[in-house]
Amino acid sequence: MDDLEAAFALGAGVAARPHQLGAVRKVCAALHADCHLPRPSNYLVQHAAGSGKSLTIAALADALTRLEDERSNRFGCIVVISDRKVLDDQLSHVVSGYLERVRCDSDGEAPAVIRAESCSHLQQMLGDSGGSSGTRIIVTTFQKVGRATAADEDGTDDEQPPPLPDVAAVPTVADALAADAGGACSEPRIAILADEAHRSHGHGMTATLHRLLCGGKAQPRRVAYVSFSATPSEVALALFGTEDHTSGRREPFSCYPLHEALREQMCVDVLSRYTCKRGDVALYDRLGRSTAIDDVLRATSQTARLRQRAAADEVLVRAKAEGALAFVERALDDAEAGGFEAPKAMIVVRSRRHCALYFAAIQAAIAERSADDDRPPIAVLVAFSGALDGGETERSLNGSRGDAADAFRRAGRAVVIVCAKLETGFDEPRIVCMVIDRTLRGAHAVQVLGRANRAAPHKPAVRVLDYANEAADIGLAFRGFVDASTAPLAEHELQAELGRRMAHISELLLERIGDRSIAAVCASLLGRTDAADALVADLQTYTRDCEALGAEAAGLPYGFCQRLLADVSRDHQPTAGAASAQPADSGGTLRCTGLQTTFSGAINLAAASAPAALRTRPLTTAVALALSGAAGAEVPLAGAVGRA
């Protein structure tokens, strides 16, 4: 056993896995030798969710405190940075605990692990990073970095996402030389270990960090990024990926992909017991006759429609919540019967309002049980940032139980209802069941479902109930990260890859739109928020790809999709406040007509059949296609194609 392997066993309390040791050794070897390069060195580590990424970061931080490069430079400051407060808590605990255990055993003094308590505290620590003796390890969030130079601190929530990333953050050789003139680094080096690299790096954010560390906007040569992500984005690959000119692609520096993690049982398969269900709402009159909610909404005014859609949404959420509670309790019962203690579940919803609706519906369903019901109790919590329109917050709904993440971990049988908060990055191996009621696409789908993929002794197969997505869409999302994520280096290959993606999304959209007009598509979605959300997500992807490619699919005009996206988004604006289940002037009662199973089984990650070859033509606009105004909304897709 070598020094790194022994240190890992002491610090982590478990033996290191080969991919963890391999990543730390490979990064350290590169940082030892890269001091001769004229440009700053950045490294991307793609390790599957649930594969021990936090411990890998802790082991790398420990190893860097001892590392000396070929020009005898050492690392004077190591910044461990994430983009969520809960990740900040987790990483701080893991890194400090790891270092304390390693150094206590070796009778050495552990480097100071300093948690940034505020923006001003962070600014002070980063400003002192080059002047203190020994290596300092600073744990912080991107949000604190982004606000550190503000004149005052406004208390903005750390759970809010950082600015969108920008490939302009990549420094040029000229930038690097101007920022760090001369040969060898004359000051201690700085390592930035960044978690969740797929969503957290941006031009303004990185420039602020460089300014705090070194006084300049560009990344100096003495600053090196090691960025970690299970689902690297195109921007993360552009910023931190390694160029392989043999393959002609940009790729991760170290990779432990999902298929290897599943094969070696480092994480569990969250797609093996997947169920998709859909619900509908109808208006029932006093004689028991029903009218589909779509027909009800089409026959009402715009103002009444908003109230009735909110009412229908509340009725459907109530039915979904009752179904989710039954699904969760069966999963927890089976887990306990198999010897798995304190099993937990997570329900992921689309908004804070839906957190409150689900919470109230589940609490009501539990309260309605008879006194002789012998089902074991289950703790129900919510986790979201900010407040609802009525003033309700996470803490007011959870009562005296304190922080939602801590309360969830402490509880026995428990379910937490989340919106944005905890749905990515949160580590709780006892989650055996998930319920999804929000549209998921791409890396976000992999990250959210990854909350249940942590391995644990006696953990049963994870069960997922999905009210909002098709199994095919979830499979497509996961297939993008089964192997190493790469991006082409050559411009023509980038264009070809973009064309293949656009061919696939255009096929999906053509199937969903048919030859209907914009008005007809919108009318069919009036009472189907889930379907509307999914269509909006796909239209956004298609129009964004059209703009990047500078062309549109021959049978799907960009202008038509632009207008459709605008109209569907307008019709499905979130409604403020709770609504009554009795819509105005309806003369009846809204009821859920049932939750129908559309898929049940394992989602296959084998490669899907390739889409048909994409035929493109120059972009068209809604104005050029005469799709403006009410008359334009009545033009069928075929008519728009004929005008292009």
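The values are calculated or read from the model by the stated rules, or taken from the named source; none is laboratory data. It should be emphasised that the depicted structure is a prediction, and the values quoted were computed from it without experimental measurement. Note that we place each Cβ from the backbone using ideal geometry, even for glycine, and neighbour counts take in every protein chain shown. Heavy atoms of the whole protein, side chains included, go into the accessibility calculation; ligands, DNA and RNA do not. Shrake-Rupley method; radii C 1.70, N 1.55, O 1.52, S 1.80 Å.
Odds and ends about this structure:
- Residues that are part of a helix (DSSP H, G or I), over 13 Å from residue 10 (Cβ atoms) and open to solvent by less than 20 Å² (accessible area, probe 1.4 Å), drawn from the stretch 50-59: 56, 57
- Residues located in the stretch 401-418, provided they are modelled with pLDDT under 95, closer than 27 Å to residue 194 by Cα and not in a helix (DSSP H, G or I): 403
- Pairing each residue of the stretch 333-348 that is farther than 17 Å from residue 427 by Cβ and among the small types (Gly, Ala, Ser) with any residue that is open to solvent by less than 50 Å² (accessible area, probe 1.4 Å) and not in a helix (DSSP H, G or I), provided the two are 6+ apart or on different chains, yields C-beta distances under 6 Å for 335/343; 335/432; 335/460; 338/460.
- Highlighted here are the helices (runs of 4 or more DSSP H) found entirely within the stretch 151-264 that include at least 1 residues which are within 18 Å of residue 80 (Cα to Cα), modelled with pLDDT of 55 or more and of a type in the set (Gly, Ala, Ser): 203-214, 234-240.
- Matching option when the condition is of a type in the set (D, E, K, R), out of contact with any His (no Cβ under 7 Å at 6 or more places or on another chain), assigned to a helix (DSSP H, G or I) and surrounded by fewer than 21 Cβ atoms within 10 Å (Cβ to Cβ), among 89, 62: 89
- Among the residues of the stretch 523-548, those identified as more than 23 Å from the chain's Cα centre (by Cα) and crowded, with 20+ Cβ neighbours inside 10 Å are 525, 526, 527, 528, 546.
- Of everything listed in (1) in a loop (DSSP other than H, G, I, E, B); (2) over 18 Å from residue 382 (Cβ atoms); (3) open to solvent by 10 Å² or more (accessible area, probe 1.4 Å), the single unmet condition for residue 421 is (2).
- Positions within the stretch 21-47 being closer than 10 Å to residue 254 by Cα and either open to solvent by 10 Å² or more (accessible area, probe 1.4 Å) or in contact (Cβ under 8 Å) with a residue 40 or more places away in the chain (or both), in sequence order: 22, 23, 26, 27, 43, 44, 45, 46, 47
- Matching residues, the stretch 407-453, being more than 23 Å from residue 394 (Cβ to Cβ) and charged (D, E, K, R): 441
- Subset of the stretch 443-455 [of a type in the set (Gly, Ala, Ser) and either open to solvent by 30 Å² or more (accessible area, probe 1.4 Å) or free of Cβ contacts under 8 Å to residues at least 12 places away in the same chain (or both)]: 455
- Scanning the stretch 74-88 for residues that are modelled with pLDDT of 90 or more and either within 17 Å of the chain's Cα centre (by Cα) or more than 23 Å from residue 239 (Cα to Cα) (or both) yields a total of 1.
- Here residue 624 fulfils each of the conditions (1) open to solvent by less than 80 Å² (accessible area, probe 1.4 Å); (2) modelled with pLDDT of 90 or more; (3) within 18 Å of residue 559 (Cβ to Cβ) apart from (2).
- Boolean, residue 399 is more than 16 Å from residue 419 (Cα to Cα) and out of contact with any strand residue (DSSP E or B) (no Cβ under 6 Å at 6 or more places or on another chain): yes
- When residue 611 is tested against (1) modelled with pLDDT of 85 or more; (2) touching a helix residue (DSSP H, G or I) at 6+ places or on another chain (Cβ under 9 Å); (3) over 19 Å from residue 516 (Cα atoms), just one condition goes unmet, and that condition is (1).
Conditions tested, residue by residue: (1) hydrophobic (A, V, I, L, M, F, W, C); (2) in contact with a helix residue (DSSP H, G or I) (Cβ under 7 Å, 6 or more places away or on another chain).
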position	(1), (2)
484	yes, no
504	no, no
518	yes, yes
524	no, yes
532	yes, yes
553	yes, yes
